[in-house]
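To start, the structure itself, in structure tokens.
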Amino acid sequence: GNSVTQMEGPVTLSEEAFLTINCTYTATGYPSLFWYVQYPGEGLQLLLKATKADDKGSNKGFEATYRKETTSFHLEKGSVQVSDSAVYFCALKNNQGGKLIFGQGTELSVKP
Amino acid sequence: NAGVTQTPKFQVLKTGQSMTLQCAQDMNHEYMSWYRQDPGMGLRLIHYSVGAGITDQGEVPNGYNVSRSTTEDFPLRLLSAAPSQTSVYFCASSYSITRDYTFGSGTRLTVV
């Protein structure tokens, strides 16, 4: 079946540090891949997405590239800010079924 | 403002009580779904609907009922609450299974 695995958290970084959150997936067919962000006390917001192999999604300085050969969609940011502190979820959607399958989430804490 | 509205935001129930979590959207989205969020487990799909009158089970449907009598509303019913249902519940909607989801802000439910 379809599944998503994320690196465990929490991740604690200093401001302006480089961020990588690993995400790998198992899926049949050609899923779309997503990163969602959840700020404290809020719902989930779509951060970025990629719908086919080698696509790069980007938003707010975050990037992730759809790597079919390694079944990965790692999230990166070159210089994190305190305001990036949140929980980040990797997810996939098989467009035949439409269901979003989530990873377990990675909590990021950025210290000044 | 257009979006997904969930009520209530917080609820405490006693074991065995029943209640309905409300979800409404004003975007004319056909696809609606309910997730529960538990620490270390990400979001898991409870039930979903691809249109009025059509519902189906997700990954963790036991203990929950849904119905979809209108396009706008997708209530989640707990018939006899159990402590294992303590969680944060999110409703999400989408124009179609191939389009991006919009999430509500969540309902935090505690069953004592």
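The values are calculated or read from the model by the stated rules, or taken from the named source; none is laboratory data. Keep in mind that what you see is a predicted model, and the values were worked out from it rather than measured. Note: ideal-geometry Cβ built from the backbone for every residue, glycine included; neighbour counts use all protein chains shown. The area values use the complete protein model at the heavy-atom level, side chains included, leaving out ligands, DNA and RNA. Shrake-Rupley method; radii C 1.70, N 1.55, O 1.52, S 1.80 Å.
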Region B:101-108 - phi-based ³J(HN,Hα) in whole Hz, Karplus 6.51/-1.76/1.60, Gly and Pro as x: 8, 10, 9, x, 8, x, 10, 8
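Just tell me how shielded B:83-91 is by partners: mean number of partner chain Cβ atoms within 10 Å of each residue's Cβ, no decimals. The partial results should precede the final answer.
On the way: counts 0, 0, 0, 0, 0, 2, 0, 3, 1.
Partner-chain Cβ atoms within 10 Å, mean over residues of B:83-91: 1.
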Determine the per residue accessible area of chain A with all protein chains present and a 1.4 angstrom probe, expressed in square angstrom. 47 Å²
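What stretch of chain A, leaving out the sites themselves, is the longest with no GluC sites (Glu not before Pro) in a DSSP loop having at most 15 other Cβ atoms within 10 Å?
Counting only loop sites that pass the neighbour cut-off, the longest clear stretch is A:70-112.
Could you work out, residue by residue across A:102-109, how many beta carbons of other chains sit within 10 Å of that residue's beta carbon, and then give the average as an integer?
Numbers: counts 7, 3, 6, 7, 1, 1, 0, 0.
Mean shielding by partner chains, rounded to a whole number: 3.
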Leaving out ligands, DNA and RNA, and with a 1.4 Å probe, what % of the accessible surface on chain B is carbon or sulfur? 50 percent
As I understand it, the dipole of chain A uses +1 on the Cβ of Lys and Arg and -1 on the Cβ of Asp and Glu, about the Cα centre. Which of A:Leu44, A:Tyr30, A:Ser58 lies farthest toward its positive end? A:Tyr30
Buried accessible surface, B vs A, both sides, probe 1.4 Å, in Å² to 100, equals 1400 Å²
In the structure shown, of A:Lys49/A:Lys99; A:Lys111/B:Lys9; A:Lys77/A:Lys99; A:Lys56/A:Lys99, the pairs separated by more than 18 angstrom at the C-alpha atoms are A:Lys111/B:Lys9; A:Lys77/A:Lys99; A:Lys56/A:Lys99
To the nearest whole number, what is the average tally of beta carbon atoms from other chains within 10 Å of the beta carbons of peptide A:32-44? 3
Could you give the size of the charge dipole of chain A about its Cα centre, using +1 on the Cβ of each K and R and -1 on the Cβ of each D and E, expressed in debye and rounded to the nearest 20? 400 debye
Can you give the accessible area per residue of chain B, in Å², using a 1.4 Å probe? 47 Å²
What is the percent carbon and sulfur in the accessible area of region A:1-104, measuring with a 1.4 Å probe over the protein chains and ignoring ligands? 47 percent
